[in-house]
Structure formats: C-alpha cells, structure tokens
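Encoded as structure tokens, the structure appears first; notes follow it.
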Amino acid sequence: MPLSAEKIASHPATLRGVQEQSRALIHIYETSPRLAAVFATQQRWLLGHVGLAMHFRRDPNDRRTELTTARFIEAVRRNSVASRNTAEAFLKEMLHYNIAEYLSTSGDGRAHPLRPTSATIETFTGWIHAHLRTLDRVDGGTRLATFLDRPEMLSTLQPLICDGLLTSAGVREPRQTFSLFIWLNNGGIVMDWLMSGIDPEDAHLDKIPTSVISVSEFAHWLKLSRTHLSRKLHDAEALGSIGWVGQRGHSVMWVSRQFFDEYMAVQSAKLAIVDVAFEACLASFPQR
C-alpha cells in the first residue's frame, strides 16, 4: 500500500532523504545549470513533466500522438500550467539548449515532433532514483532496486507521476512562504540550498539554523540578482519565516519551523504521488 503524505512527513528518516534529493538537484545545477533550470520554478518543473509525459505516452505508429509544439501548448493550457506564450517560450529554450530536440529538421516547426534528449532522460531518471531511495528509507522497501532491475518502467511511471502532480493541491497550492519562492528564478534551488544545510538534530527548533551567511555569495552562486533575491528574503523575513542569528549578512540565516514544515509538506506530497504512481506502474508489469 502506498505511503500517505502524512506518514512520510512524520517519519524521522524523511528529512535526510529529502536533503539527499536536494543535494542531487544542487549537483545538477552546478554541473548543468541550463538543465537544472527545468527544476528552477514550480511552473517550469510542471512544464517539464508535461513534456516528458507526452513523449513517453506517444504511440510510435500514430503521428497524432507525437510531442509537438502545438500539442504541448494545448496540454499545458488544458491543465492550467502556463499561458500559450510561456509554454512556447519554454519549448524554444529547451530546444536551444539541447534539452529537447526535433526528430527531423523538415516541415512546420509547430507540427513536426520533438523529444527530450538522452541526457535529459538520464537526468530525470536520477530524479526518480532519489525519490524512490527516500521512500525506501521510510518503510524499508525495495522500490529503487526494483526500478533498477526494470528500467523500462520509466516510460509508464513518469506519466503517472505527472498526472498526480497536476491534480495535487498540496504540490500546486503550497502555503505562503513556499509560494514566495516558487515563482522566483531558481527559487526551488534557493529552498533546496537552505534546507539541505540544516542539521536534522536541529529540525525541532522554532528557528532552525542553515548554512547560509552571506546573501551576496548566495546570490552569486545562484546566478541571481542580489537585489531580487534580497527582496524575496525580506518578504520571507516579514512573514517571520527567515532571519539571522546575529547581524544580517554576518551570521547564520535561520528558517522558521513553519517554513520548514511547509517545505516538508510539499516534498512529502510529491513523494506520496511518486509512491502511488510506482505501485500502479508495478502492477501493470508482469511479475518475475
């Protein structure tokens, strides 16, 4: 039986697993910033999932099911993920940076099919590995080993995860502090960096220390405008969600227990979706 978001959130092993996931995304950002940009905001992350799901669900014998710009835009609008212009700009960026590619170079650009590159699929597979590993931490399961033994599950699993994400209020409608960052460029990485630096032994505190001291260095590493990042941090500070142990910029930044709980609630909702999708996917494969 799949784990509930509540059970995942309350388990003591979840935080370390989520921190490993965050560090994996940070590593992607450090080695391939353009590819990591797909995970940078909630909207882009969902756009990426929609595109992957359409790719995996295509019927190679039916051109009407191929991933094209026009079909992608229609799917994005149907699921209220983004506007037509945003969806089209996203695909153009993915093509420009070789995150996606055309299957051929002839014909109308909106009509001929695209696909994610092999490097993109490899990176996303790592995302799956990280989430299955966390779920296994919680209940001692063997999801990751099963997936590694059956990599062909990916083409069925990812679309099911996408369906779950698109219909999840817990993922799409997070609480106030989390929502401050999800629309910021690289906002997901901002939160991942903050939370990955927390000592799990401190997670019970009302003000949980992070590893961040200098906003300027933080912004530089993220390739963000210091002014823009500072504005978001000021907004979060006004909510009581972050602060500094001592002098601003010269002491460790802390996150509030409420902000931490918001972040973990979203991560737990996402993990629960992955678990439901994994069980449904496994049921569709013959037993060995």
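At a glance:
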{"read-out": "Leading residue by the ranking (surrounded by the most Cβ atoms within 10 Å (Cβ to Cβ)) among those in segment 219-269 that are of a type in the set (Lys, Arg) and within 26 Å of His27 (Cβ to Cβ)", "value": "Lys232"}
{"read-out": "Of the criteria (1) surrounded by fewer than 17 Cβ atoms within 10 Å (Cβ to Cβ); (2) touching a residue at least 40 places away in the same chain (Cβ under 8 Å), which one Ser118 fails", "value": "(2)"}
{"read-out": "Listing of helices (runs of 4 or more DSSP H) fully contained in segment 36-111 that carry 3 or more residues being more than 19 Å from Asp163 (Cα to Cα)", "value": "84-96"}
{"read-out": "Given (1) closer than 28 Å to Ala5 by Cβ; (2) without any contact (Cβ under 8 Å) to a residue 60 or more places away in the chain; (3) of a type in the set (A, V, I, L, M, F, W, C); (4) buried (at least 16 other Cβ atoms within 10 Å of the Cβ), number of the condition Met94 does not satisfy", "value": "(1)"}
{"read-out": "Segment 237-258 - residue that is under 25 Å from Ala9 (Cβ atoms) and among the polar types (S, T, N, Q) and, of those, modelled with the highest pLDDT", "value": "Ser256"}
{"read-out": "Members of segment 142-165 that are crowded, with 16+ Cβ neighbours inside 10 Å and without any contact (Cβ under 8 Å) to a residue 40 or more places away in the chain", "value": "Leu144"}
{"read-out": "Subset of segment 201-218 [at pLDDT below 85 and surrounded by fewer than 19 Cβ atoms within 10 Å (Cβ to Cβ)]", "value": "Ile213, Ser214, Val215, Ser216, Glu217"}
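The values are calculated or read from the model by the stated rules, or taken from the named source; none is laboratory data. On a predicted model such as this, the values are computed, not experimentally measured, just so you know. All Cβ positions, glycine included, derive from the backbone under ideal geometry; neighbour counts span all protein chains shown.
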